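Novice: Shown below is the structure under consideration.
Please treat every number below as a calculation from the coordinates, not as lab data. Bear in mind that the values here come from a model prediction, so they are computed numbers and not experimental data. Because the Cβ atoms are built from the backbone with ideal geometry, glycine has one as well, and the counts that use them run over all protein chains shown.
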Amino acid sequence: MPQSSSKPIIFLALLLVLAFGGYQLWQNFQWQVENNQSPQRYFTEEEIRPDWLEQRAQEQIEQAKSYQTFHDFSFSDQLPASGITFQHYCNPDGAKDHKPVHYDHGNGLCIADVDGDGRTDIYLVSQVGAGGLWRNLGDGKFADITPGSGLEITAERTSVSASFGDIDNDGDPDLYVSTIRDGNFLFENDGTGKFKDISVDAKVDYHGHSSGITFVDYNKDGLLDIFVTNVGIYTNGEKTSFDLNGQTYDYYVGFKDGFAGHMKPERSESSIFYENLGDNQFKEVSKQLGIDDIGWTGDANIIDANDDGYPDLYITNMQGHDQYYENDKGKGFIDKGRELFPKTSWGAMSVVAFDFDNNGFQDIYVTDMHSDMGANSALGINMEKAKVPTKAPENYLMTNGMSIFGNSFFRKDGTNQYTEVSDTINAENYWPWGLSSGDLNADGFTDVFIASSMNYPFRYAVNSVLLNENGQRFVDSEFVLGVEPRRGGEFAKPWFELDCSGADKEHRHCVGQEGKRTIYGALGSRSSALFDLDEDGDLDIVTNEFNGAPMVLISNLSDKVSSLSFLKVQLQGSQSNRDGLGAKVIVEAAGQTYTRIHDGKSGYLAQSSYPLYFGLNGAEKVDKVAVRWPSGQEQIIDSPTIINGLLLIEEPQS
Amino acid sequence: MWRFLYILLLLSLLSLSSCDHWAKVDVYELPSPYTIEVKGEEYEWHIRYPGRDGQLHTDDDVSTQQHIHLPENTKVNITINSSDYLYFLELPDFRQIGMAVPEMEHFIEITTKTAGEFKIRGDQMCGYTHESLYGILTVESPRRFHRWLAQQH
């Protein structure tokens, strides 16, 4: 029995013991709280629902009251009315067996008049199954002419992108389709929209991990050469099969560490330059021309930084430095990447050149997807317009600290002189893929649509429309113009089904679950083309989505603006390549000068050989059109009688 | 009442004394830097410590998951790799981030100072966010560290 004098000691000792124990418990509790904050999940429709969308829409609409550029018009997704029923499908690496690998970069589209009826048709690429060729019937209607077109065989391979180009100068667009490992396709068009596979005979059936295609006449011999970008080896060579819509398809399984490919030299895959020898014969001349692109390249574009009239190449790298090759007067290419562009977007996808401020120089806009991915989906909604505070170490980045972690915009200040101004002009956006440029409001300044967002297992993000405010800055306009929210307010769709009591019980989404389970994924675009789809005088937008149906965004600008004025310019080369790719066109109207380079590109994985579209800001007539053809010929058309229509310009024979 | 408190105190002291806190601990000198391995696998961190031989990947290695233990005032070389995906290993209190890449070894170096508990943050590059990649780094006295290490065998 303790004595009363020892009671305080016992009490104190007990208090100390309890305090020590309590402190340990509190420490443990604190750690549990900090480390068990459940990360946001995006597997059900409710989890994906973007509750921030409405607020952002209201903020943008409010902000637009101060915009100094015309924005009183809108787009509406007329997919159902268009008759297009194309559906893009992804393989299981983008769904049930999801891996962080380049399959989720999705696919492109391209447009051209494939049958010579004067209307622009669309070819949409699917990762799984055949691409879809859609004939423009006029008035915004389309018909599926894939069956019997010869393009059905694309279903046998995993496709990536496609580009039209008239390789034999016979007046119809031929088609190159890039694929994964089983050989790229080159199809010759017979002029009626029927295609013949000439890949093997033409010697362009490369088997690898190809991506964007660029047609370019590098030596001005009048024949379109082909630059095929290759990403790098991101599949392991093992083929597996799966069923979709009653058909069995196979694909090469992606590496689980696909995005470390640039750290592993054995996985690099050089991009390929094919010289067109004529008679539909090509020869690989990459090394011979001095092109040694072993970056993780998704696309490229022709740029003329030194203004010598020869097309140079800007080559994007989605995991490192972009490259720039100056064309040495058609004799070869000289690597001037770090000299002209010491810092580039680390995770570049699209590269598009246009004259942002109508000063006659072609500026360069590069979208950067992979930097945004490095920050993972946790990057806050309100951080989307900021450059990414990347946490990747230099041994992963491998660019000596010379990277931009977000979109870049290189303003051209003179021959071979560029200044990066992306943040000054509001060129940043989030999760961007393909960037298409065009004068959406026909005010004479080039605007952009950026196909954006990821899908399963990430959150929803918006596509971006950036209207050009008088060559001073871009203003956010996707909500103002009705591009967001999407048709019917859609933001997600069922992505795949699981049988948690059966075959899929080991799947990660089946932990603690029984029975059938539907996993949802966010909607997201990959590529786009801008053209006057319904021939009413304004630019419309067609997208290709990842694992979804395209958007056919029809503009009502022509209904809203009675004084709408524009000029479409269709080029037809003779000494130059028939498409006139590489030509520079200058239009003068009402004291303004508008310059376009006909590069045929439409951002990441997309291509367009559409007539060049010049918005003329209400001008009543065109004063002059000047063309510098790839051949070097200068052609001037004074006071053309056409406005608000199509001007066909044929290159003189000599 | 006091009888109850007295019994409670005795039991508490008994509990403390019965744990190996007072047990003999073999505290030996660690190589400098002290090298451990952190491997990402199936969205978890697997940690490997050298045993008495000071060498990794020998029979006396100690393996744990998620929770890193280190002695205080020690220069530590953390070898990072992965057996499947790409992961970020982040030790924010030490301002260090490393990449775990299959078939490659990367390193981060830290110097532990005072004892305490610090966060481990982990991300799968371009994929799911996994709470299982969050963990804790305990820095403790050499005596406690060696006792903990011995207990893992």
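Novice: Straight-line reach from A:Lys391: which lysines have a Cα under 20 Å away, not including same-chain ones fewer than 8 places off?
Specialist: Here the lysines satisfying the reach criterion relative to A:Lys391 are A:Lys343, B:Lys39, B:Lys119.
Novice: Considering only the other residues whose Cβ falls under 13 Å of the Cβ of A:Gly515, what net charge follows from Lys and Arg at +1 and Asp and Glu at -1?
Specialist: Here the charged neighbours net out to -1.
Novice: Report relative contact order for chain A in percent, whole number only (criteria: Cα-Cα under 8 Å, sequence separation at least 6).
Specialist: Normalised by residue count, the contact order of chain A is 15 percent.
Novice: Additional query: What size of dipole, in debye to the nearest 20, comes out for segment B:30-116 about its Cα centre when the only charges are +1 on Lys and Arg C-beta atoms and -1 on Asp and Glu C-beta atoms?
Specialist: Here segment B:30-116 has a charge dipole of around 420 debye.
Novice: When the Karplus curve 6.51 cos²θ - 1.76 cosθ + 1.60 is applied with θ = phi - 60°, which whole-Hz ³J(HN,Hα) does each residue of segment A:441-446 get, with x for Gly and Pro?
Specialist: So the J values, rounded to whole Hz, are 9, 6, 9, x, 10, 7.
Novice: Could you check the spin-label model distance between A:Glu620 and A:Asp307? Points 7 Å from the Cα along Cα→Cβ, value in nm.
Specialist: For A:Glu620 paired with A:Asp307, the spin-label model returns 3.4 nm.
Novice: If you don't mind, another one. Hey, which of these cross-link pairs are over 20 Å Cα-Cα: A:Lys96/A:Lys516; A:Lys239/A:Lys287; A:Lys96/A:Lys505; A:Lys194/A:Lys584?
Specialist: With Cα atoms farther than 20 Å apart: A:Lys239/A:Lys287; A:Lys194/A:Lys584.
Novice: Okay, next question. Name the residue from A:Gln55, A:Asn544, A:Gly632 whose Cα lies farthest towards the positive end of the charge dipole of chain A, charges +1 on Cβ of Lys and Arg and -1 on Cβ of Asp and Glu.
Specialist: A:Gln55
Novice: Only helical DSSP H runs with n ≥ 4 go in: add -39500 (n - 2.57) per run for the protein assembly as shown, normalise by residue count and round the 222 nm mean residue ellipticity to 500 deg cm²/dmol.
Specialist: The per-residue figure over the protein assembly as shown is -3500 deg cm²/dmol.
Novice: Then there is this: Using +1 on the beta carbon of Lys and Arg, -1 on that of Asp and Glu, and nothing else charged, what's the dipole of chain A about the Cα centre, debye to 20?
Specialist: Result for chain A is approximately 2400 debye, rounded to the nearest 20.
Novice: On to the next question. Among A:Glu59, A:Glu484, which comes first, second and so on when ranked by fewest other beta-carbon atoms within 10 Å?
Specialist: The order, fewest Cβ neighbours first, is A:Glu59, A:Glu484.
Novice: So, in nm, how far is label A:Val200 from label A:Asp250 when the simple model puts each one 7 Å beyond its Cα toward the Cβ?
Specialist: 1.8 nm
Novice: Using +1 on the beta carbon of Lys and Arg, -1 on that of Asp and Glu, and nothing else charged, what's the dipole of segment A:152-290 about the Cα centre, debye to 20?
Specialist: 720 debye
Novice: If Lys and Arg each add +1 and Asp and Glu each add -1, what is the summed charge of the other residues whose beta carbon sits under 11 Å from the beta carbon of A:Asp447? Don't skip to the end; give the middle numbers.
Specialist: Values: positive: none; negative: A:Asp439, A:Asp443, A:Glu469.
Result for the neighbourhood of A:Asp447: -3.
Novice: If you take the square roots of the eigenvalues of the alpha-carbon gyration tensor of segment A:219-273 and sort them as a ≥ b ≥ c, do you get rounded (a/c under 1.5), prolate (a/b over b/c) or oblate?
Specialist: Note, shape of segment A:219-273 comes out oblate.
Novice: Which one of A:Phe491, A:Gln288, A:Thr120 has its Cα pushed farthest toward the positive end of the charge dipole of chain A, where Lys and Arg give +1 and Asp and Glu give -1 at the Cβ?
Specialist: A:Phe491
Novice: A follow-up question, please. If pairing requires two Cys Cβ atoms under 4.7 Å apart, which cysteines of chain A are left without a partner?
Specialist: A:Cys90, A:Cys110
Novice: Looking at chain A, send over the antiparallel percent of its DSSP beta bridges, to the nearest 5.
Specialist: So the antiparallel bridges in chain A amount to around 95 percent.
Novice: Express the Stokes-Einstein translational diffusion coefficient of chain A in µm² s⁻¹, to the nearest whole number, given a Kirkwood radius over alpha-carbon pairs, 10 °C and a viscosity of 1.306 mPa s. Write out the running numbers ahead of the final one.
Specialist: Numbers: Rh = 25.7 Å.
Rounded to a whole number, D works out at 62 µm²/s.
Novice: Okay, moving on. From the Cα gyration tensor of segment A:517-654, with a ≥ b ≥ c the square roots of its eigenvalues, which class applies: rounded if a/c is under 1.5, or else prolate if a/b is larger than b/c, or else oblate?
Specialist: Oblate shape, in that a/c is at least 1.5 and b/c is the bigger or equal ratio.
Novice: By the scheme Lys and Arg +1, Asp and Glu -1, what is the net charge of all other residues having a beta-carbon under 11 Å from that of A:Asn107?
Specialist: -1
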